[in-house]
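The structure appears below as structure tokens.
The values are calculated or read from the model by the stated rules, or taken from the named source; none is laboratory data. Owing to the predicted nature of the structure, the values given are computational and were not obtained by experimental measurement. Because the Cβ atoms are built from the backbone with ideal geometry, glycine has one as well, and the counts that use them run over all protein chains shown. Surface accessibility is based on the protein's heavy atoms, side chains included, excluding ligands, DNA and RNA. Shrake-Rupley method; radii C 1.70, N 1.55, O 1.52, S 1.80 Å.
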Amino acid sequence: MTLASEYENDDLNPFRVRSRREVIALLRSIGERNQLVRMLINQGQDTIVTSILNIDESNDTVYLDCAPTAVMNQRVLDSEKLSFETVLENIRILFNSPAAESIVYEGLPAFIIPLPTNVIRLQRREYYRVPTPYTNPVHCTINVKIEDQIIPVVAALHNISGGGISIVDDKKLIDTTQGRIYENCRIDLPGGAVTVDLQIRNLLEVTLTNGKVINRIGCAFVDPSNGTLGAVQKYITKLERDQNAKATGLG
């Protein structure tokens with residue numbers, strides 16, 4: 001999941017914890033169990049690994065460990081929005097925050113952020129979306145009917161989950177009517193292509209820096225086979241491993 005954009009997705013509202021008491025309890029448990037927390041900055045372009053040091057209930061603030069380098073610490077301080085993800089008892093935990101501030105905690109440099117107003121608990125892995133690489137992207141081929149002709153449209157993946165994909169249609173050739181189903185779509189995963197039916201779920205128009213407007217389309221898998229789900233999960237695991245290695249400086 002690209003948390004900088006997906007955290008506020010309405011599809012996640014059923015999993016949103018809004019009780020202040022429950023939010024504090026969740027974050028405190030994460031800190032007490034020394035769970036690593038991924039912090040995404042610059043709209044997900046940079047990632048660092050941090051941890052929750054303490055929760056200050058009286059001031060509604062959260063103390064976080066600093067990044068390993070001064071450069072990354074400054075990037076955190078310069079970021080206007082931060083997104084976080086971690087796992088607690090096999091449940092994905094997501095939250096975000098406005099900009100962090102620097103502080104000294106127990107004699108060491110740290111970050112301080114406002115207590116999140118809500119936290120997302122994802123118990124079903126298929127709702128967790130993993131961004132796919134911009135370089136050497138994965139592509140999906142969808143057969144689209146244009147002027148009585150069936151034309152294969154190749155679109156790059158923006159993210160992927162066990163429940164579907166988000167694709168980039170830079171030429172706006174795909175009919176984005178919500179609920180429409182495209183059959184026999186091919187996704188060229190690195191481990192081998194899979195074929196699945198896709199249902200259009202949502203549309204986001206994105207304006208690029210050059211002024212061009214493209215469609216980012218959210219699609220859900222329709223009755224995927226076990227083989228397809230296995231291949232997708234294997235790819236997601238690889239992406240997570242690569243991202244964690246990069247975040248910890250091992251990649």
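Considering only residues that are of a type in the set (Asp, Glu) and within 16 Å of residue 215 (Cβ to Cβ), which ones fall in segment 128-182?
169, 170, 175 - these are the residues of segment 128-182 that are of a type in the set (Asp, Glu) and within 16 Å of residue 215 (Cβ to Cβ).
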- Unmet criterion (only one of (1) of a type in the set (D, E, K, R); (2) at pLDDT below 90; (3) open to solvent by 80 Å² or more (accessible area, probe 1.4 Å)) for residue 92: (3)
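Quick check, is residue 139 modelled with pLDDT of 90 or more, farther than 20 Å from residue 14 by Cβ, within 20 Å of the chain's Cα centre (by Cα) and buried (at least 17 other Cβ atoms within 10 Å of the Cβ)? Outline the logic, then answer.
Details: modelled with pLDDT of 90 or more: yes; farther than 20 Å from residue 14 by Cβ: yes; within 20 Å of the chain's Cα centre (by Cα): yes; buried (at least 17 other Cβ atoms within 10 Å of the Cβ): no.
No, not satisfied.
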- Give the residue, chosen from 98, 116, 109, that is free of Cβ contacts under 8 Å to residues at least 24 places away in the same chain and more than 30 Å from residue 195 (Cβ to Cβ). 98
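Could you tell me whether segment 136-145 includes any residue that is closer than 23 Å to residue 46 by Cα and free of Cβ contacts under 8 Å to residues at least 24 places away in the same chain? Spell out the reasoning first.
Going residue by residue through segment 136-145, those that are closer than 23 Å to residue 46 by Cα are 136-138.
Pick out the ones that are also free of Cβ contacts under 8 Å to residues at least 24 places away in the same chain and you get 136-137.
There is at least one residue in segment 136-145 that is closer than 23 Å to residue 46 by Cα and free of Cβ contacts under 8 Å to residues at least 24 places away in the same chain.
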- Message: Within segment 187-203, does at least one residue satisfy the condition of being within 26 Å of residue 13 (Cβ to Cβ), among the basic types (Lys, Arg), modelled with pLDDT under 90 and open to solvent by 30 Å² or more (accessible area, probe 1.4 Å)?
- Response: no
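Which one is surrounded by the most Cβ atoms within 10 Å (Cβ to Cβ), of the residues in segment 142-155 that are within 30 Å of residue 239 (Cα to Cα) and out of contact with any Cys (no Cβ under 8 Å at 6 or more places or on another chain)? Steps first, please.
Let us first name the residues in segment 142-155 that are within 30 Å of residue 239 (Cα to Cα), namely 142-144, 152-155.
Narrowing further to those that are out of contact with any Cys (no Cβ under 8 Å at 6 or more places or on another chain): 144, 152-153.
Details: 144: 15, 152: 10, 153: 18.
Selected residue: 153.
Of all residues in segment 74-89 being polar (S, T, N, Q) and free of Cβ contacts under 8 Å to residues at least 40 places away in the same chain, which is surrounded by the fewest Cβ atoms within 10 Å (Cβ to Cβ)? I'd like the intermediate steps shown before the answer.
Restricting attention to segment 74-89, the residues satisfying the condition of being polar (S, T, N, Q) are 74, 79, 83, 86.
Going one step further and asking which of them are free of Cβ contacts under 8 Å to residues at least 40 places away in the same chain, we end up with 74, 79.
Values: 74: 12, 79: 21.
Going through the qualifying residues, I end up with 74.
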- Among the candidates 228, 209, residue that is on the phi < 0 side of the Ramachandran plot and surrounded by fewer than 11 Cβ atoms within 10 Å (Cβ to Cβ): 209
- Task: Please specify each residue of segment 113-134 satisfying the condition of being part of a loop (DSSP other than H, G, I, E, B), modelled with pLDDT under 90 and open to solvent by less than 20 Å² (accessible area, probe 1.4 Å).
- Result: 128
